[in-house]
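See structure below.
The values are calculated or read from the model by the stated rules, or taken from the named source; none is laboratory data. Here the structure is a predicted model, which means the values were calculated and not measured. Don't worry about glycine lacking a Cβ; one is built from the backbone with ideal geometry, like all the others, and counts go over all protein chains shown.
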Amino acid sequence: MKKILFIFLSLFIAHVAFADQPKDWQLGFQNPASDGMRDIVNFHNNLLLPIIVAISVFVLFLMLYACVRFRASANPNPSKRTHNVAVEVLWTLIPCFILIIIAVPSFKILYKQDTIPKADLTIKAIGYQWYWGYEYPDENIIFDSYMVEEKDLRADQPRLLAVDNEVVVPVNKVIKVLITANDVLHAWALPSFGVKRDAVPGRINETWFKAEKEGTYYGQCSELCGIKHAFMPITVKVVSEKDYQEWLSEARVKFAKEEIENDKLKLASK
Ligand SMILES: [Cu+2]
């Protein structure tokens, strides 16, 4: 029995430790891989969840109490009371108080997300029907990122989440993401980094994250954007600085933004 319990527990722990993507039967959030997401998870687990549980238990108790205490058989002559000032004041003030308790840390997290520290790297994500395009404006890199069809998946690639060209970023660096769209509303969302921003045509939204662990992280478009909304996933590969530089030198050639690259070639040939 102990052995079974141990296997079960270790399965569960392993499951949690690598939850950088949605898992079958998953409950709760994906593992946080950034400070921002850790704040969100702590806020949810340590404050929201206890309050929600307490309120649900309290309301359930009130309902059961009322059902039993005021049942018709025990009260042949029901009370005609309609008002109770004390109770009405309390049931207005207590919820207000609970909301204030929730609002203070909630706004703290919101403002922290909103203040973008000095960025080490800026990337631009552009939503299209139905794929994402990316640009590294300072590196002269531009590429499109399409979902890998089920029949083409490698063994290590998750269904509906893997893409052909991943976004590659260095670990422990502040990454600023500029988000926009070309046709309709999309939303660039990556649960492990606690990032979700609407991609609006004609407008640039910004957000940021600092990934603390190397690995591959998956997200999806989070704004209903048409028939293939579910098939425009987001894959971000977080790598060491050295691997990033290697990728960069390849990507500068492979994904060079045409016109400027041509200029460079022209310059080089002169
Ligand atoms: Cu979309």
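Leu161 versus (1) in a helix (DSSP H, G or I); (2) in contact (Cβ under 8 Å) with a residue 60 or more places away in the chain: which is the lone unmet condition?
Against the list (1) in a helix (DSSP H, G or I); (2) in contact (Cβ under 8 Å) with a residue 60 or more places away in the chain, Leu161 comes up short only on (1).
Cβ-Cβ under 7 Å, sequence separation 6+ or interchain: first residue in the stretch 183-200 and among the acidic types (Asp, Glu), partner not in a helix (DSSP H, G or I). Which pairs?
So the pair list comes out as Asp183/Tyr128; Asp183/Gln129; Asp183/Pro201; Asp198/Leu185; Asp198/Ala187; Asp198/Asn205; Asp198/Glu223.
Rundown of residues vs (1) at pLDDT 95 or above; (2) surrounded by 10 or more Cβ atoms within 10 Å (Cβ to Cβ), yes/no style:
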residue: Phe18; (1), (2): no, yes
residue: Trp25; (1), (2): no, no
residue: Ser34; (1), (2): no, yes
residue: Asp39; (1), (2): no, yes
residue: Val59; (1), (2): yes, yes
residue: Ala72; (1), (2): no, no
residue: Val89; (1), (2): yes, yes
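Of the numbered conditions (1) touching a Gly at 6+ places or on another chain (Cβ under 7 Å); (2) in contact (Cβ under 8 Å) with a residue 24 or more places away in the chain, Thr207 fails exactly one; give the number of that condition.
(1)
Does the stretch 177-230 hold any residues that are surrounded by fewer than 18 Cβ atoms within 10 Å (Cβ to Cβ) and charged (D, E, K, R), and which are they?
Within the stretch 177-230, Asp183, Lys196, Asp198, Arg203, Glu206, Glu212, Lys213, Glu214, Lys228 qualify.
Checking Ile109 against (1) within 19 Å of the chain's Cα centre (by Cα); (2) aliphatic (A, V, I, L, M); (3) exposed (fewer than 10 other Cβ atoms within 10 Å of the Cβ); (4) modelled with pLDDT of 90 or more, which test does it fail?
In the conditions (1) within 19 Å of the chain's Cα centre (by Cα); (2) aliphatic (A, V, I, L, M); (3) exposed (fewer than 10 other Cβ atoms within 10 Å of the Cβ); (4) modelled with pLDDT of 90 or more, Ile109 misses (3) alone.
Mind listing whichever residues of the stretch 125-147 are more than 16 Å from the ligand (Cβ to nearest atom) and in a strand (DSSP E or B)?
Residues satisfying the conditions are Glu135, Tyr136, Ile141, Ile142, Phe143.
Considering Ile52, Ile109, Ile98, which residue is in contact (Cβ under 8 Å) with a residue 12 or more places away in the chain, more than 30 Å from Asn172 (Cβ to Cβ) and assigned to a helix (DSSP H, G or I)?
The conditions single out Ile98.
Sort out which residues of the stretch 149-171 are within 30 Å of Lys112 (Cβ to Cβ), among the aliphatic types (A, V, I, L, M) and either buried (at least 18 other Cβ atoms within 10 Å of the Cβ) or within 15 Å of the ligand (Cβ to nearest atom) (or both), and write them in order of number.
Correct list: Leu161, Val163, Val167, Val168, Val169.
Would you list the strands (runs of 3 or more DSSP E) that sit entirely within the stretch 172-248 and hold 1 or more residues that are more than 16 Å from the ligand (Cβ to nearest atom) and closer than 23 Å to Arg38 by Cβ?
Fully inside the stretch 172-248 and qualifying: 175-181, 205-209, 215-221, 233-239.
Within the stretch 114-124, restricting attention to residues that are surrounded by 12 or more Cβ atoms within 10 Å (Cβ to Cβ) and among the β-branched types (Val, Ile, Thr), which residue is farthest from the ligand (Cβ to nearest atom)?
My answer is Ile116.
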